[in-house]
Amino acid sequence: MRRLAAALAARQTPDFEAWESLMLQAARQGGAGVLGSLLIHWQQHAPREVILCQCGQRMSSRGRRAKGLLTTLGRVPFGRAFYQCQQCHQGRFPDDERLDIVRTTYSPGVRRLMARAGSQSQFEQAAEDLSCYAGLKVQPREIERVAEAVGREVEQWLSDQQDQALQGVGTSPASPQPLPKFYISFDGTGIPVRKNELVGRRGKQTDGSARTREVKLGCVFTQVGLDKEGYPQRDPDSTTYVGAIESSTLFGWRMYAEALRRGLAQAQEVIVLTDGARYNRTIAQTHFPEAVHIVDLFHAYEHLTLIAQILWSQQAKAPQSWRDLLEAGNISRLLSKAGQQLPASGQSKKSLLKQLGYFANNAAQMRYAEYREKRLFVGSGVVEAGCRTVIGQRLKQSGMRWSVRGANAIIALRCCIFSGRFEDFWASRVS
Ligand SMILES: [Zn+2]
């Protein structure tokens, strides 16, 4: 090393960047050697255990097998004992199990980088990033495979925690202090999927076919008082996300479990924020019957504009008097005012009744004056931003066609990362 440094420094024009990358390469090579020795040392000194088969039989060693490992320091040769059951011929590599490298040649550190990179950008881009940032040469296909495998492990970890939360076991209070204002908000967003994932589904295309499947995304956050103007303020680090392409029933339980995990039981005031879609009301009524359910004010504005457009023209805006009634939460008056305009028949009557139905069905969740008085959020902006960042930025790019299985794995990964829990996931694998 020292001689190399002297030789490099003797050159007339310095090339700092080339020096850096040479040193980094040398440091990696040296580190890989030490890591290899560490593995051998660990194997030699680890206490010998009796290895049992799933069938209960004692397994016996069948000699050593080699496999190359790719680590964050580079390739490291690795050999370990293979055990087999004489009864049922099942095989096991106990050292692989202890090191968290079962059926993979990538170290946990490399898998973590692959999963993170693959969750952040398209797999081709991720491969370039890993090569550039970490000196790792891996194929895009491999990143896809590993990122999705890690995503499924994350989903399993999350679902175990959900089960625990639902059963109320192992749950020390999620928060030592009581949580004054506890928000639960959820929404859906479509992502493009492969044709075979759409068989028999009706969609929004002109011929009635579908191109997308809906990802349901939910978030939990808390409010920390008010800002200078007296508007509610979100605790910036408090937001966690859950999501999947799944039925609204399953999603309801997912959302409920996350709320429990976050301390629903200690919440002084629980608020559910949605866009007023029917299944959202069902989830709110089923899992959060005690909560104040608020329908997003901005969605309500949009529906008001739609009514104006049906009645008058594409460019029409809702009259100010209607908007005032909406903001006052006076939905019955709003309905009677807008209802006076109802045409006698035809398609526009049908569309109008549908829009009025939206207000009639959600009237109890539109008491906006009361919510303002209580200084509550009346917009579902947090979950909508989540739909764009957590889901859209990775899963809705042009030319993409997801399988539901692949998309759900990446969604699990991204929810975990955006909730600031990826570290916890890896820590949980060691214990
Ligand atoms: Zn066996």
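Computed quantities for the displayed model
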item	result
Some residue of region 25-39 being more than 13 Å from Gly79 (Cα to Cα), not small (Gly, Ala, Ser) and not in a helix (DSSP H, G or I)	no
Looking only at region 213-222, and only at residues there that are under 17 Å from Glu384 (Cβ atoms) and of a type outside the set (Phe, Trp, Tyr), the one that is surrounded by the fewest Cβ atoms within 10 Å (Cβ to Cβ)	Glu214
Qualifying positions in region 238-282 - part of a strand (DSSP E or B) and not β-branched (Val, Ile, Thr)	Tyr241, Gly243, Ala244, Ala267, Gln268, Glu269, Leu273
Residues of region 375-400 that turn out to be more than 20 Å from Leu217 (Cβ to Cβ) and either of a type in the set (Ser, Thr, Tyr) or surrounded by 14 or more Cβ atoms within 10 Å (Cβ to Cβ) (or both), as a count	3
Tally of residues being within 16 Å of the ligand (Cβ to nearest atom) and either of a type in the set (A, V, I, L, M) or surrounded by 11 or more Cβ atoms within 10 Å (Cβ to Cβ) (or both) across region 22-54	4
Check on Gln309, part of a loop (DSSP other than H, G, I, E, B) and either exposed (fewer than 14 other Cβ atoms within 10 Å of the Cβ) or not aliphatic (A, V, I, L, M) (or both)	no
Identity of the residue in region 339-363, of a type in the set (Gly, Ala, Ser) and within 23 Å of Asn280 (Cβ to Cβ), that ends up farthest from the chain's Cα centre (by Cα)	Ser351
Any hit, region 66-76, residues being within 14 Å of the ligand (Cβ to nearest atom) and more than 20 Å from Glu153 (Cα to Cα)	no
Filter pass, Val390 being among the aliphatic types (A, V, I, L, M), part of a helix (DSSP H, G or I) and at pLDDT below 95	no
Search result, residues across region 367-423 that are of a type in the set (Gly, Ala, Ser), under 28 Å from Val146 (Cα atoms) and either touching a residue at least 40 places away in the same chain (Cβ under 8 Å) or in contact with a Leu (Cβ under 6 Å, 6 or more places away or on another chain) (or both)	Gly386, Gly392, Ser403, Gly406, Ala407, Ala409, Ala412, Ser419, Gly420
Pairs where the first residue, in region 73-100, is assigned to a loop (DSSP other than H, G, I, E, B) and the second is away from the ligand (no atom under 16 Å from the Cβ), C-beta under 6 Å, 6+ apart	Leu73/Arg28; Leu73/Gly31; Leu73/Ala32; Leu73/Leu35; Phe93/Arg80; Asp100/Pro108; Asp100/Arg429
Scan of region 85-108 for residues that are crowded, with 16+ Cβ neighbours inside 10 Å and either away from the ligand (no atom under 16 Å from the Cβ) or β-branched (Val, Ile, Thr) (or both), ordered by number	Asp95, Asp96, Leu99, Ile101, Thr104, Tyr106, Ser107, Pro108
Members of region 7-36 that are within 22 Å of Ala134 (Cα to Cα), among the small types (Gly, Ala, Ser) and without any contact (Cβ under 8 Å) to a residue 24 or more places away in the chain	Ala18, Ser21, Ala27, Gly30, Gly33
Residues located in region 135-157, provided they are part of a helix (DSSP H, G or I) and at pLDDT below 95	none
Selected residue (criterion: farthest from Ala134 (Cα to Cα)) from residues of region 55-65 that are more than 16 Å from the ligand (Cβ to nearest atom) and either of a type in the set (D, E, K, R) or touching a Leu at 6+ places or on another chain (Cβ under 6 Å) (or both)	Arg64
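Per-residue answers, yes or no, for (1) surrounded by fewer than 17 Cβ atoms within 10 Å (Cβ to Cβ); (2) modelled with pLDDT of 95 or more:
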site	(1), (2)
Glu258	no, yes
Arg278	yes, no
Ile283	no, yes
Thr286	yes, yes
His299	no, no
Leu304	no, no
Trp322	no, no
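The values are calculated or read from the model by the stated rules, or taken from the named source; none is laboratory data. Bear in mind the structure is a predicted one, so any value in this text is a computation, not a measurement. Backbone-built Cβ (ideal geometry, glycine too); neighbour counts: all protein chains shown.
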